[in-house]
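The values are calculated or read from the model by the stated rules, or taken from the named source; none is laboratory data. Given the structure is predicted, the values throughout are model-derived calculations rather than measurements. Neighbour counts run over all protein chains shown; Cβ positions are idealised from the backbone, glycine included.
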Amino acid sequence: MVVELYLDLLCQPCRSVYIFAKKNNIPFEFKHVELLKGEHLCEEFDKVNLLRKVPALRDGNFTLAESIAILLYLSRKFNTPDHWYPSDVQKRARVDEYLSWQHTAIRAQGCNFYRTKVLMPLLVGKPFPAERLERAVEDLKSTMKQFEEKFLQDKPFIVGSEISLADLMAIAELMQALGAGWDVFEGRPKLTEWRHRVEEAIGKELFREAHEVKRDGAKMFVDAPNETQRLTWC
Amino acid sequence: MGLELYLDLLSQPCRAVYIFAKKNRIPFEFKHVELFKGQQFTEEFKKVNMLKKVPALKDGPFLLAESTAILLYLSRKYNTPDHWYPSDIEARARVDEYLSWHHTNIRANAPKTMWIKVLIPLLTGQSLPPEKLQEVMEGLATSLKQFEEKFLQDKPFIVGSEISLADLVAIVELMQPVAVGCDVFEDRPKLAEWRNRVEEAVGEELFQQAHELILNIKELSNIQVDPRLKEQLTPVLLKMLK
């Protein structure tokens with residue numbers, strides 16, 4: 001039985017897991033959990049992930065939630081190239097450091113921005129309150145500043161000279177903002193160059209494939225039938 | 001030059017790092033960064049962690065922030081007993097799973113009790129209406145329910161039969177509400193039993209030592225809060241007041 005990955009590519013961590021699995025030729029069955037249809041809330045999915053979130057993994061009897069746990073599990077089980085999660089203790093610590101920080105930084109602010117700019121207006125059916133959006137933008141800008149100053153600095157990637165899980169998680173989050181209509185890379189040449197390096201390391205085709213769904217996200221959201229389903233998404 | 005750990009035991013993640021290092025007899029120099037005095041904002045500390053947070057680690061020229069990263073680094077460098085971060089790939093994944101979920105669940109909710117009961121009165125001189133605490137406790141109750149149903153279940157520890165980094169990170173966080181009089185273990189017998197097992201596995205003496213400061217937080221109620229800390233906390237404060 002092959003690994004099952006429960007994903008919706010509208011969701012940032014799902015894209016990271018998808019890209020990682022594809023890039024490393026990890027055989028898996030793509031189990032589409034359509035968030036906008038509330039498929040993460042059904043009883044069948046509860047058996048895979050009681051937390052009702054994607055991504056989730058099922059490997060035989062073993063089920064696993066949380067994208068970081070899934071990425072690390074896959075990297076170990078399939079013995080992926082060292083650069084993704086370097087065996088050098090200090091480099092590995094740098095990846096851990098980023099993966100830990102990002103939860104309440106890039107990920108939190110990125111999600112907040114997306115919710116404020118895209119989801120909430122669609123949910124309430126009227127334009128976003130400008131003040132809230134401004135605050136969400138400032139928070140994300142501030143976090144991106146920390147990202148550049150502390151994590152990226154003048155290096156080609158977050159951890160030295162090759163792409164790692166840290167870059168993979170970061171790029172997916174920043175692409176979400178892009179999908180919401182804000183080019184976070186504009187005016188940030190260092191970040192832009194990093195983005196191009198990450199895309200190239202992943203492979204342009206795979207990168208585009210993973211992010212295609214994002215573009216139609218807003219439209220799909222409008223058609224989602226159930227408010228509760230929308231709210232539990234991100 | 002040996003390992004330096006920059007800590008304030010008022011901080012939950014600092015306690016996890018402290019307990020882990022002590023329990024595993026990892027030699028280190030305790031560098032006290034007093035948060036209320038704003039010592040995390042000094043130029044000197046910024047050189048250790050530009051994010052201006054504790055815990056932080058300095059190992060020769062190598063600097064590291066984020067408690068999860070520090071715990072994992074220490075476990076590898078000092079080759080700590082397997083149960084802390086099991087080599088079995090599935091057991092290890094379970095620890096990773098908890099450590100990841102923790103950030104935006106238990107760690108997002110538990111500290112709010114400290115805000116309501118101690119920090120807000122300290123910073124503003126006012127108390128919040130009881131509904132605010134009620135709201136926070138409800139949020140925490142949701143996280144605790146998920147914790148018990150998904151992570152602990154009927155096992156002695158989060159990952160099987162021995163304590164791991166997951167339990168350590170969880171327990172220190174849950175002691176924060178306890179310290180301010182919100183005993184989350186009351187009326188939760190399974191959780192209370194788990195707490196006792198964790199305390200025993202850590203060692204009662206070490207556990208008490210690590211929690212002495214926070215359990216006496218009321219003594220800090222007259223402390224002068226450094227203005228830089230006030231400034232840093234203001235955005236969170238405003239969010240809490242809404």
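Annotations for the structure displayed:
- Residues that are within 26 Å of B:Met50 (Cα to Cα) and not acidic (Asp, Glu) were ranked within the stretch A:123-141; the one that is surrounded by the fewest Cβ atoms within 10 Å (Cβ to Cβ) is A:Lys141.
- All conditions but one from (1) at pLDDT 95 or above; (2) more than 18 Å from the chain's Cα centre (by Cα); (3) of a type in the set (Gly, Ala, Ser) apply to A:Ala224; the one that does not is (1).
- Single residue of A:Met169, A:Met120, A:Met144, A:Met175 found to be within 19 Å of B:Lys52 (Cβ to Cβ) and among the aliphatic types (A, V, I, L, M): A:Met144
- Among the residues of the stretch A:144-153, those identified as more than 13 Å from A:Glu97 (Cβ to Cβ) and either touching a residue at least 12 places away in the same chain (Cβ under 8 Å) or assigned to a strand (DSSP E or B) (or both) are A:Met144, A:Glu148.
- Total residues in the stretch A:144-172, condition more than 13 Å from chain B (Cβ to nearest Cβ) and within 16 Å of A:Cys111 (Cα to Cα): 4
- Residues in the stretch B:84-132 that are free of Cβ contacts under 8 Å to residues at least 40 places away in the same chain, in contact with a Ser or Thr (Cβ under 9 Å, 6 or more places away or on another chain) and closer than 30 Å to B:Asp226 by Cα: B:His103, B:Thr104, B:Ala108, B:Asn109.
- Subset of the stretch B:37-71 (residues that are more than 10 Å from chain A (Cβ to nearest Cβ), buried (at least 17 other Cβ atoms within 10 Å of the Cβ) and hydroxyl-bearing (Ser, Thr, Tyr)): none
- B:Ala141 being modelled with pLDDT of 90 or more and within 14 Å of chain A (Cβ to nearest Cβ): no
- Taken over the stretch A:6-21, residues that are assigned to a helix (DSSP H, G or I) and over 16 Å from A:Ile68 (Cα atoms) amount to 0.
- Residue under evaluation B:Leu74, criteria (1) more than 9 Å from chain A (Cβ to nearest Cβ); (2) in a helix (DSSP H, G or I); (3) more than 19 Å from B:Ala201 (Cα to Cα), criterion not met: (3)
- Residue check for B:Ile116: touching a helix residue (DSSP H, G or I) at 6+ places or on another chain (Cβ under 8 Å), away from chain A (no Cβ under 11 Å), within 19 Å of B:Ala201 (Cβ to Cβ) and β-branched (Val, Ile, Thr): no
- For the stretch A:146-170, the set of residues classified as in contact with a Ser or Thr (Cβ under 8 Å, 6 or more places away or on another chain) and of a type in the set (Val, Ile, Thr) consists of A:Ile158 only.
- Of the strands (runs of 3 or more DSSP E) lying entirely inside the stretch A:24-143, those carrying at least 2 residues that are at pLDDT 90 or above and within 12 Å of chain B (Cβ to nearest Cβ) are A:56-59, A:62-65.
- Subset of the stretch B:77-106 that is more than 8 Å from chain A (Cβ to nearest Cβ) and modelled with pLDDT under 95 - its residue that is surrounded by the most Cβ atoms within 10 Å (Cβ to Cβ): B:Ile106
- The stretch B:216-235, residues that are within 20 Å of the chain's Cα centre (by Cα) and surrounded by 14 or more Cβ atoms within 10 Å (Cβ to Cβ): B:Ile217, B:Leu220, B:Leu229, B:Gln232, B:Leu233
- Residues in the stretch B:128-167 that are of a type in the set (Asp, Glu) and farther than 24 Å from B:Arg15 by Cα were compared, and the one that is surrounded by the fewest Cβ atoms within 10 Å (Cβ to Cβ) is B:Asp154.
- Within the stretch A:1-28, being more than 19 Å from the chain's Cα centre (by Cα) and surrounded by fewer than 17 Cβ atoms within 10 Å (Cβ to Cβ) holds for A:Met1, A:Val2, A:Asn25, A:Pro27.
- Of everything in the stretch B:168-203 that is of a type in the set (Val, Ile, Thr) and under 14 Å from the mean Cα position of the chain (by Cα), the residue that is surrounded by the fewest Cβ atoms within 10 Å (Cβ to Cβ) is B:Val178.
- Complete set of residues in the stretch B:151-198 that are within 18 Å of B:Glu97 (Cα to Cα), not aliphatic (A, V, I, L, M) and not in a loop (DSSP other than H, G, I, E, B): B:Phe151, B:Phe157, B:Gly160, B:Asp167, B:Glu173
- Of B:Lys117, B:Lys31, B:Lys58, B:Lys52, all but one fail to be more than 30 Å from B:Gly160 (Cα to Cα) and in a helix (DSSP H, G or I); the exception is B:Lys117.
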